[in-house]
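Here the structure is laid out as structure tokens; the discussion comes afterwards.
The values are calculated or read from the model by the stated rules, or taken from the named source; none is laboratory data. Since this is a predicted model, take the numbers as computed values, not measurements. Cβ coordinates were reconstructed from backbone atoms using ideal geometry, including for glycine residues, and neighbour counts include every protein chain displayed. Calculation scope for accessible area: heavy atoms of the full protein, side chains included, ligands and nucleic acids excluded. Shrake-Rupley method; radii C 1.70, N 1.55, O 1.52, S 1.80 Å.
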Amino acid sequence: MELQKIEIKFFAVEREPVPLTAFIDLFHGWIQASDGVYHDVADYSHMHQGPGIVLVAPDFYVSIDETGGRRGFLFSQKARLEGSNQERLARVFQTALENCRRLQAEPALQRKIEFRFDEFEITLNDRLLAPNTDESYLEFKAEIEPFVGRLFGGAPISLQQESDARRRVRLRIQAMAPVDLAAPLSHVGSKANGRGNID
Amino acid sequence: MTLPLGDASADQLRALADIARRFVKDTLRTTVEQNILFRWVSEADLPEFYQAIKAIGLGAADAATIVDVTACPGTDTCKLGIASSRGLARELRYRLGEKSLELDAAVKNLRIKVSGCFNSCGQHHVADIGFYGINRNVKGFQVPHFQVVLGGKFHDNAGEYGVPIAAVPSKRIPEAVLSITEYYVRQRVKDERFQDFVARIGKKAIKDLLEDLTKIPAPDVDRSYYTDWGDPREFTLADMGVGECAGEVVSQAEFALAASERELFEAQLLLDGGRSQDAVKAAYAAMLHAAQGLVKSQNPAVSDGENEIVAEFTRRFYDTQLFWDKYAGGKFAEYFFKAREFVRDGKAADADRAVQLLQEAQLFIDAAHGCHNRLRATVETAVKIENAAQASA
Ligand code: SF4
């Protein structure tokens, strides 16, 4: 199976509630500070458990996502990536983590919100390449397990399959021991730029 | 069942499919108000049905009320969008939703529809209270505005279009809605419908009501008025063409454009008074004034003579395509030429023709504003480039 359109969602831990709309100005600040990396913000704050606030870049989306009733940082790779599946996973992780870390450190958020790196979801957003079947799941799992194993430095992990067959292929991954942001980043090791491509 | 701004997530849609299977034999409909209609839910099933839609966050009780604002995509995703229709709709939905319980029943039943531009995809023209996005120049800045359109008929198979009343800055539209609806509650006679109320009170009274809301503080006092909903980006002081030699010419053009809007409003009052012929002449005069304003930005010496204004407008703005809309091409200028012919040939205008001509006049004047703003931006950019070149020389 070719892994494309990979999505990663890191779940949020909120010390104090942060309204979704707070991310609108914040993401607009990213647009202004970047040189064409990001170019639009879409506001879905009116929706129940919806896509939240989405920052649009040509090759990916970054969002504060509320799908499934759990807020998190969602990175969604849109553009096709070259390389092996492991290389693609590494690139997507690298860019997702960089963006997530940047968001977490935003002074405007006053550390009210943090993201968990010991539990996240990986989804394949392409039903043609990855229909949600048992076969896809097994192939997907075979790619994810070694990658996440390296990511968490061999710490034991649990993988949980998306149970609703109508949804996309998705795995929830949980490290059995606490993991901080620095650990996954150091294990990803791939050089990616802000656009999700290798330099 | 209401979908806020017509949006639903994939999870909600899958759940709706399940609900349709369970209660209404697999059938549901989407509506022009961006909602979902379940037909033939049995009364006995209603409590369970409600619990099912509530569980997916779609149980709000505001379908088909003033809270349930309809909007086209606007600047969110539409390249033709001038102002943020969805941003405004979201804000109105939020503010009206907060007051929903205390709203007078007559107000609650009104419909608000918003289009991001004159193309009317939000169907603002058949709403009780409609808005379409335009831009206006205020103190040298482009400011998102909405044209307030009142009295459109949603019922009777959309039997009547609303009429433009005033251009109000986008950020003041919620106040305008409040002002109009409170006025309606105070002044309506018995069970008077909103359309009848607008017709009886008259557009002038409503325009007067909104007059204060057409003004905004200077940018150094409150810059938020110089941004659109959901987009904090503002114009900077560098965008102002202060001290340019074109300043006086620009203000003359703006003066003429503002005057043309007042004149068009007078034309609407004539039309309301049953004087279709006079209304048509006044609307054409307003278009002529707008054209003259534009011409003045290039030729300050242009006279008040009709032939000279039309010839200059044609030569400088139509033939050069400066006036052309990126998508509508020369359509708005052609409205002007057609109106001229109509008046010159002394054709009789019945009420329908007069309404059409007045609507075309409004579009022409909006296009004149748009053209003026584009040209002004070009001049300012050229001045900045020139200044930068001089500074680095
Ligand atoms: S009304 Fe204008 S902005 Fe809205 S969808 Fe139509 S063309 Fe686009």
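The table below gives the values:
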item: Number of partner chain Cβ atoms within 10 Å, mean per residue of A:25-33; result: 2
item: Inter-probe distance in nm under a simple model that places probes 7 Å from Cα toward Cβ, at B:Asp222 and A:Asp134; result: 6.4 nm
item: For the pair A and B, total buried accessible area rounded to nearest 100 Å², probe 1.4 Å; result: 1500 Å²
item: Within a Gaussian network of chain B (alpha carbon springs, distance under 10 Å), most fluctuating of B:Asn35, B:Asn135, B:Asn157; result: B:Asn157
item: Average beta carbon contacts from partner chains per residue of B:335-346, 10 Å cutoff; result: 0
item: Residue-averaged beta-carbon neighbours from other chains (10 angstrom radius) around B:1-8; result: 3
item: Degrees, to the nearest 10: B:351-392 long Cα axis against longest axis of chain B; result: 60 degrees
item: The stretch B:65-239 - percent relative contact order, Cα under 8 Å, separation 6 or more; result: 19 percent
item: Helix axis angle, B:85-99 relative to chain B longest principal axis, alpha carbon, degrees; result: 50 degrees
item: Computed accessible area, B:Trp324, all protein chains, 1.4 angstrom probe, square angstrom; result: 80 Å²
item: Within the protein assembly as shown, percent of DSSP bridges classed antiparallel, to nearest 5; result: 90 percent
item: Accessible surface, the protein assembly as shown, averaged per residue in Å² (probe 1.4 Å); result: 46 Å²
item: Peptide ranges B:326-333, B:170-177, B:188-195, B:127-134 listed from the most packed, as the mean C-beta count within 10 angstrom indicates; result: B:127-134, B:170-177, B:326-333, B:188-195
item: Peptides ranked, highest mean first, by Cβ atoms within 10 Å: ranges A:134-140, B:179-185; result: B:179-185, A:134-140
item: Trypsin sites (Lys or Arg not before Pro) within the stretch A:144-182, DSSP loop, no more than 12 other Cβ atoms inside 10 Å; result: A:Arg166
item: Candidate aspartates and glutamates - alpha carbon under 13 Å from A:Lys141, same-chain residues fewer than 8 apart omitted; result: A:Glu2, A:Glu121, A:Glu162
item: Overall form of chain B per C-alpha gyration tensor (a/c, 1.5; a/b vs b/c); result: prolate
item: The protein assembly as shown, helix-only ellipticity at 222 nm - DSSP H runs n ≥ 4, -39,500 (n - 2.57), divided by all residues, nearest 500; result: -13500 deg cm²/dmol
item: Between helix B:247-272 and chain B: long-axis angle, C-alpha atoms, 0 to 90°, nearest 10; result: 50 degrees
item: Order by protection proxy (mean Cβ within 10 Å, highest first), peptides B:362-369, B:218-225, B:159-166; result: B:362-369, B:159-166, B:218-225
item: Sum of side-chain charges, B:Arg188 neighbourhood, beta-carbon under 14 Å (Lys, Arg +1; Asp, Glu -1); result: -1
item: Calculated over the protein assembly as shown: convex hull of Cα atoms, volume per residue (Å³); result: 197 Å³
item: Chain B: most fluctuating residue of B:Gly152, B:Gly370, B:Gly202 per GNM, C-alpha cutoff 10 Å; result: B:Gly202
item: Candidates A:Asp25, A:Asp35, A:Asp65: whichever shows maximal mean-square fluctuation once chain A is modelled as a Gaussian network with Cα springs under 10 Å; result: A:Asp35
item: Length gained when the stretch B:Ala259-B:Lys347 is fully extended (0.36 nm per residue, less Cα-Cα span); result: 29.1 nm
item: Carbon and sulfur %, accessible surface of the protein assembly as shown computed with the full protein complex present, 1.4 Å; result: 52 percent
item: Taking N as its residue count, the alpha carbon Rg of chain A over 2.2 N^0.38 Å; result: 0.97
